[in-house]
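Here the structure is laid out as structure tokens; the discussion comes afterwards.
The values are calculated or read from the model by the stated rules, or taken from the named source; none is laboratory data. Since the model is a prediction, treat every value here as computed from it, not as a measurement. Neighbour counts are summed over all protein chains in view; Cβ atoms, including those assigned to glycine, are modelled from backbone coordinates with ideal geometry.
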Amino acid sequence: MPTITIDGRQYEVEEGQNLLASCLSLGLNLPYFCWHPAMGSVGACRQCAIIEYKDSDDAQGKLVMGCMTQVRDGGIYSLDAEPAREFRGAVIEDLMTNHPHDCPVCEEGGECHLQDMTEMSGHTYRRFRGLKRTHRNQYLGPFINHEMNRCIACYRCVRFYRDYAGGDDLEALGRNNQVYFGRQCDGKLESGFSGNLVEVCPTGVFTDQTFSRHFVRKWDLQTAPSVCEHCGVGCNTAPGARMDFSGRDENLRRVVNLYNRDTNGYFICDRGRFGYEYANSDLRIKNVLIARREQVIESTGRRNDKLHREIEPPAALEHLATVITDSQRGRRRLVGIGSPRTSLENNFALRQLVGPGNFFAGLSARDLELLHTLDHIQRDPRISIPTIPEIEDADVILVLDEDIGRTAPRVALALRQAARNNQRDHARQLEIPLWQDACVRQLRGENNPIFVLASSAPASLEDIARAQRLASPAAIVSFAEQLAARISATDQPTTTDGVDSSSTPLPDALEHLLEEVAETLLSARRPLVISGCGSQEPDILAAAGQVAAALADRHGAPCATYLTCPETNSLGLAQFFGPGEGGLEQLLEELRQRDSVDPPVTLLLLENDLYRRLPAADVESLFDRAAEVVLFDSLLQPCSRRADLVFPASATPESQGTLVNSSGMLQRHYMVYEGSGYIQESWRWLVDAVNDPACSDVGMDSPAALLRQWKHCHDVTAAIAAAVSCFRDLPETGPDENFRIEGMKLARQSHRASGRTANRAHWQVAEQAPLTDPDSPFSFTMEGVQYAGATPLQANIWSPGWNSNQAIHKFQQGVGGPRRGREPIPRLRREPTAIPVLLAKQRAGQKPGQFCLVPTWQLFGSGELSNYSDAIAGLADGPCAQLNTADAGALGLEPGGRLQLRMSGAEITLPASVSDRIAPGVIGIPVGLRAAPDLGAMLPAAAEIVRIENPEPVEPGESL
Amino acid sequence: MIASQLRSMWLVFRHLFSRNATVEYPDEKPYLAPRYRGRIVLTRDPDGDERCVACNLCAVACPPDCISLQKTEDEDGRWRPEYFRINFSRCIMCGLCEDACPTYAIQLTPDFEMCEYDRQNMVYEKEDLLISGPGKYHDYSFYRVAGMSISGKDKGEAVNEAEPVDVRSLNL
Ligand code: SF4
Ligand code: SF4
Ligand code: SF4
Ligand code: SF4
Ligand code: FES
């Protein structure tokens, strides 16, 4: 490690690093704008100037840019030397000549990197008397506000948006000091990562529009580490909450990225950032609701719909307790339906209460089969599950029918970085440091090979893919099987028996690709296979597993394989069930076969909208067969209409719990704020019921009695670890409620949190004792340890002089390194098992003339919870049937036409949407829409087109 | 020793002839300078619009944390407090809010006579705080110097601003 001298003190620094990053890693304060830890240096802003001395005799030295200068062993530098300070001050003064007088009305104020750097450079007074240049703003969609006057032309926005995230609708326009960062015309920023501009831009040009609607300063946000609940990637987030206008409740104000090198680094996607508003939705349940007796009049409600009224929790709990007692006496059957969008703790509590035999996953059998297939593949020792930096490191990538940009967006962003590895290798050869961003990007060199096979074109891969082929799922499966065979076959022709001749012949386009893909993958040093549950086709997963296993065998090392799960805790939920168990169809079947002598059934439904899982008729019939339905949920979702009793459950930022992401990482989210009304974690309702006097008959030997021992969330976590062996590392996800730093809890509020004697004063001037938190290592107030640098539990990223999120380097083990104090994230500890011979199941083949219906995903529209967020809800496309242009032509479908499709047992009519982004012979059906939640439940399927309704031709001259 | 006592007595005696500093309050009210730090008001700009832009700086500066407000944005593009509350039963009249305020909105006045039998009455909302004039600073209007456009003041129309750039021109 080189040793350098800065202002007379010696330091050891990382070899090959630039001076700016080294200084920051050492904890020294050096201002900068254009450098970004994930994007490297371009030397554009001239803010990071320092003095470099030739040797110890050199008294004058020369001015160099810290971000552009590599550390030199024995180098002597000065940050404090007067010429350097003066230069930096002059640069800031120059930047500020045009800066508007906006801080008080700027959402960035208080966490503004420009403010911080101005302070740091000592510039205080505007001497320039000339005019300020001004700009007009643009409308950039429902997420981002634009205030161009505040720009300092550091170019970070376009470097992130275009170079890093591959967007092409934001650019640097204009010239000289009038350069403009925006779109060619007004319109929504198209990239799914546009929200990161809020954090990347060091000024208030791009700010969070949803946050602005209920804005408070960063110092007033109370926060704790959380995990994004909007997909299976499990990005770490720092939601911020604050007392609302009423002075009684707190609400969620925004979500920002929380640096965790292995899951999300510096960036999250827009669904994760703007999906939070569901927690403030008008549909939130805050009280316990009970169905009213009177029948809904047929004309105003649907059959069996129930109207609700509020009841006091003790009465509801007593009722639930009675039901539990009845079930213990065999007079009632309790059935629990779990959920992939809530924590392990909630699911486990329900399972413990009703018993494993009465616990169902709340997923269709097909969804569970998908998860089990995925789980099985991940268990194989030949498969390794990559972290985000490992994905960024891959050199050859194969994507098999997974729309990764919409089902696991953060992973797609990592793929973009992987595409540049050839360039980086080239730079290494030329000894160009990788942080020399502009230079590295100049290097010639093809993108790293990314091969995409998909039934519908995935988002944002087209421009980096070496080959993207659209084909039916069946063709992709046989392609992958033949690919696996070919990979294992080379040199060892003996091992291939049985995997070849039976497979379907490939279309030409794929046949040609086969050789190239096989060769490229074989020559790869760090190949990566990507697939997932998005195709809803277990064969696709199985085939991806085969390819990865074959590669691993050939390379003699595990093959990195990323398989996406649809929801935030899908993989965790699946661990509670053996293969073939726990599907909703099984429950329905059991209920159908119930004898009249069997006890009546009470369904306990946990945070799950079953209409997304099964065709509506099946869900109705499930509810019809239950004597009583008890729902625990945060939102009034469609199932609440059928519930007899509804308990208000907390949203993810209102609760503590563990989620298992698609990589099998166990991650804990902490309560950021207390939910309003009677909201609490679902498991607490169950515990409260078991502790109710009406339940006193439940004997200590009954499994349900275990619930009585749970007081704090960590108790449940520990119980899961003891009960289910793959979760045995759960307690390592975080400390229990007794954790203290020097005798103190961690403070959720900043030391500057304001208004504590006024927030509630209008309804009670006498201050109440602050809320205490017996359940976590955090306190709800500013009392406690502030900005604990050495624990990853710190979610408020702040350091003296660093009010913006750029302060993160104070919390890392060196710039870009892991968080200080961060242990490796614990993972599922599954029994290794070899991938079984996962031969494609003989499915009822597609008859000629039939189309294959495949699911298509939307970044904004397929996420259950994010669909309840205002900003996102407005962006979802409606239900439609996507058809290939050629097919549409052959069928005579005209624009605006509708398709009537018949599958086995169902018929649907949908407006058609024609494009080249879908494979021929395939019809794409959007899944997860709020408007048509159960479309996905029928997929994949073969269907024939029964009827085409073309729009009525409008007769010329016909008047309306 | 005796000398010192005599000297003290002389000094005290001399004060018999100096002017009274105390007055017969409340019958007689002393003069308080306009900069005296008493009851807080929210002022208006010279055009009669609310000055406060809900920037939260006063709230964060306040040592007893007795100011609470929420930003909202009006149709005309201005930031305003949706509510603005001062709990005067906590206020220590330190004037830090006034120091912090970038718009001269919040000002302390020479009125210190705030006695209530019910402490709850010491909680003032925006309606109670807002006065109709500009207080001590007659001319300042934040939005005339700020870069944000509001209705009636477009980009380029603030003090010291150039015409907005037309990105599509050559901008030589
Ligand atoms: S960008 Fe920063 S310095 Fe500029 S107005 Fe906003 S808060 Fe102030
Ligand atoms: S908009 Fe922000 S990120 Fe982009 S150049 Fe201006 S200051 Fe930098
Ligand atoms: S990629 Fe998934 S986990 Fe990450 S922010 Fe987006 S929705 Fe959330
Ligand atoms: S500091 Fe002034 S402008 Fe800002 S919130 Fe307080 S009174 Fe309003
Ligand atoms: S950070 Fe070094 S020049 Fe911009």
When only residues in segment B:54-106 that are within 11 Å of ligand 4 (Cβ to nearest atom) and of a type in the set (S, T, N, Q) count, which is farthest from A:Thr210 (Cα to Cα)? B:Thr103
Condition (residue is surrounded by fewer than 22 Cβ atoms within 10 Å (Cβ to Cβ), facing chain B (nearest Cβ under 10 Å), of a type outside the set (A, V, I, L, M) and over 29 Å from A:Ser869 (Cβ atoms)) applied to segment A:117-126: is it met by at least one residue? yes
Restricting attention to segment B:30-67, and to residues there that are free of Cβ contacts under 8 Å to residues at least 24 places away in the same chain and over 19 Å from B:Cys94 (Cα atoms), which single residue is nearest to the other protein chains (Cβ to nearest Cβ)? B:Pro30
For segment A:90-99, check the following and say yes or no: at least one residue is in contact (Cβ under 8 Å) with a residue 12 or more places away in the chain, more than 16 Å from ligand 5 (Cβ to nearest atom), more than 14 Å from every other protein chain (Cβ to nearest Cβ) and crowded, with 19+ Cβ neighbours inside 10 Å. no
Out of A:Val660, A:Val698, A:Val646, report the one residue that is in contact with a His (Cβ under 7 Å, 6 or more places away or on another chain) and either farther than 17 Å from A:Ser776 by Cα or surrounded by fewer than 24 Cβ atoms within 10 Å (Cβ to Cβ) (or both). A:Val646
Given the criteria touching a residue at least 12 places away in the same chain (Cβ under 8 Å), surrounded by 20 or more Cβ atoms within 10 Å (Cβ to Cβ) and in a helix (DSSP H, G or I), does B:Cys97 qualify? yes
Subset tally (residues that are in contact with a strand residue (DSSP E or B) (Cβ under 7 Å, 6 or more places away or on another chain) and either basic (Lys, Arg) or free of Cβ contacts under 8 Å to residues at least 40 places away in the same chain (or both)) for segment A:390-416: 0
Looking at (1) buried (at least 24 other Cβ atoms within 10 Å of the Cβ); (2) assigned to a strand (DSSP E or B); (3) touching a residue at least 60 places away in the same chain (Cβ under 8 Å), which one does A:Thr203 not meet, given that it meets all the others? (2)
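Yes or no, residue by residue, for (1) among the aromatic types (Phe, Trp, Tyr); (2) exposed (fewer than 14 other Cβ atoms within 10 Å of the Cβ); (3) more than 10 Å from the chain's Cα centre (by Cα); (4) facing chain A (nearest Cβ under 10 Å):
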site	(1), (2), (3), (4)
B:Phe84	yes, no, yes, yes
B:Tyr104	yes, no, no, no
B:Leu108	no, no, no, no
B:Cys115	no, yes, yes, no
B:Tyr143	yes, no, yes, yes
Segment A:666-680, residues that are within 23 Å of A:Ser570 (Cα to Cα) and surrounded by fewer than 24 Cβ atoms within 10 Å (Cβ to Cβ): A:Gln680
It is to be established whether one or more residues within segment A:198-212 are within 16 Å of ligand 5 (Cβ to nearest atom), over 13 Å from the mean Cα position of the chain (by Cα), among the hydrophobic types (A, V, I, L, M, F, W, C) and more than 14 Å from chain B (Cβ to nearest Cβ). yes
Regarding A:Leu368, is this residue buried (at least 24 other Cβ atoms within 10 Å of the Cβ), touching a Phe, Trp or Tyr at 6+ places or on another chain (Cβ under 8 Å), over 30 Å from A:Ala560 (Cβ atoms) and in contact (Cβ under 8 Å) with a residue 12 or more places away in the chain? no
Residue that is surrounded by the fewest Cβ atoms within 10 Å (Cβ to Cβ), among those in segment A:206-237 that are away from ligand 3 (no atom under 16 Å from the Cβ), charged (D, E, K, R) and assigned to a loop (DSSP other than H, G, I, E, B): A:Arg213
Could you tell me whether A:Glu107 is touching a residue at least 60 places away in the same chain (Cβ under 8 Å) and within 15 Å of ligand 2 (Cβ to nearest atom)? yes
Checking A:Asp249 against (1) touching a Ser or Thr at 6+ places or on another chain (Cβ under 6 Å); (2) modelled with pLDDT of 95 or more, which single condition isn't satisfied? (2)
Contacts under 8 angstrom Cβ, first residue in segment A:799-822 being closer than 17 Å to A:Glu14 by Cα and aliphatic (A, V, I, L, M), partner at pLDDT 95 or above and part of a helix (DSSP H, G or I), 6 or more apart: A:Val815/A:Ala21; A:Val815/A:Leu24; A:Val815/A:Ser25; A:Val815/A:His809
Restricting the first residue to segment A:725-744 and requiring it to be assigned to a loop (DSSP other than H, G, I, E, B), which pairs with a second residue that is among the hydroxyl-bearing types (Ser, Thr, Tyr) meet a Cβ separation below 6 Å and a spacing of at least six or different chains? A:Glu737/A:Ser776
Considering only segment A:749-787, state which residues are of a type in the set (Gly, Ala, Ser) and within 13 Å of chain B (Cβ to nearest Cβ). A:Ser750, A:Ala753, A:Ser754, A:Gly755, A:Ala758, A:Ala761, A:Ala766
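Do we find a residue being away from ligand 5 (no atom under 16 Å from the Cβ) and assigned to a loop (DSSP other than H, G, I, E, B) anywhere in segment B:9-17?
yes
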Here is a list: B:Gln70, B:Gln120. Which entry is within 7 Å of chain A (Cβ to nearest Cβ) and in a helix (DSSP H, G or I)? B:Gln120
Within segment A:140-178, take every residue that is at positive phi and away from ligand 2 (no atom under 11 Å from the Cβ) and give me the one that is nearest to the other protein chains (Cβ to nearest Cβ). A:Gly174
Against the condition within 30 Å of B:Asn121 (Cβ to Cβ) and either in contact (Cβ under 8 Å) with a residue 24 or more places away in the chain or surrounded by 23 or more Cβ atoms within 10 Å (Cβ to Cβ) (or both), how does A:Trp710 come out, does it pass? no
